[in-house]
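Only one structure is covered here, and it is reproduced in the block below.
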Amino acid sequence: MVELSLGVFFRSFNASKVILCACLLIFLALFTLKLDGRVTFSYAFVFAPLWACNLIVFVGAIVGICSFCSKPPSRNEIMMRVDFMAMLITATEHLFLCAFVSLVFVKLEFDYLFEPGYPLPWTIVFCPLFSLSILSIGIAVWSLRHDKPFEFEFFYAINIVQLVFIAFKLDKQVKL
């Protein structure tokens, strides 16, 4: 007989991943509706869930930095210092992701503002992801040395070639 316990369920509940998945789901639904022409609102409304997710990360990082600076752990508490560094690394990753999302928004919403013949190239829009991919290699090594999970860093580090080809394809520089 299988027994279901809500206590066990909520103990393994990861609120940050639920918030991230909810924001991504809302964004994907709005983005597909916008691309299909079913809705006419601005891309700012479409990208709002991603910006909200990044805002939550940045506010959490600021609170963590203030807490760390107001009452720093002792030199013997190495794991707390490693956790603090992991939080800073995660906030830095989200800074790159926020820059990418903002550049995509500018490209999609305000492409008409650029001079004719000189649009914002997708290769420039993807630059934060290229930088994040290179940075993720070092972060993955740091995570291995400090026994921290690095699934997102692994994803970015592996897919750098794919991101380059997506940017080139969107700029029509590569014919596949």
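Here, each number is a calculation from the coordinates, and none is a lab measurement. Since we're looking at a predicted model, the values are computed, not measured. Cβ coordinates were reconstructed from backbone atoms using ideal geometry, including for glycine residues, and neighbour counts include every protein chain displayed.
The table below lists the values:
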read-out	value
Contour excess over end-to-end distance, with Cα ends at residue 55 and residue 76 and 0.36 nm allotted per residue	4.3 nm
Peptides ranked, highest mean first, by Cβ atoms within 10 Å: ranges 99-109, 61-71, 20-30	99-109, 20-30, 61-71
Relative packing of peptides 114-127, 152-165 - highest average C-beta neighbours within 10 Å first	152-165, 114-127
Inter-part distance where the stretch 48-81 and the stretch 101-176 are each reduced to a Cα centre, Å	25
Per-residue Cβ neighbour rank within 10 angstrom, fewest leading, 136, 143, 74	74, 143, 136
Per-residue [θ]222 nm for the chain (sum of -39500 (n - 2.57) over DSSP H runs n ≥ 4, rounded to 500)	-24500 deg cm²/dmol
Rounded to the nearest 20 debye, dipole of the chain from Cβ charges on Lys, Arg, Asp, Glu	100
Answer label, with Cα extents along the principal axes in Å calculated from the coordinates and candidates (i) 60, 42, 37; (ii) 44, 35, 32; (iii) 47, 41, 30	(i)
Cysteines without a disulfide-compatible neighbour (Cβ-Cβ under 4.7 Å), the chain	21, 66, 69, 98, 127
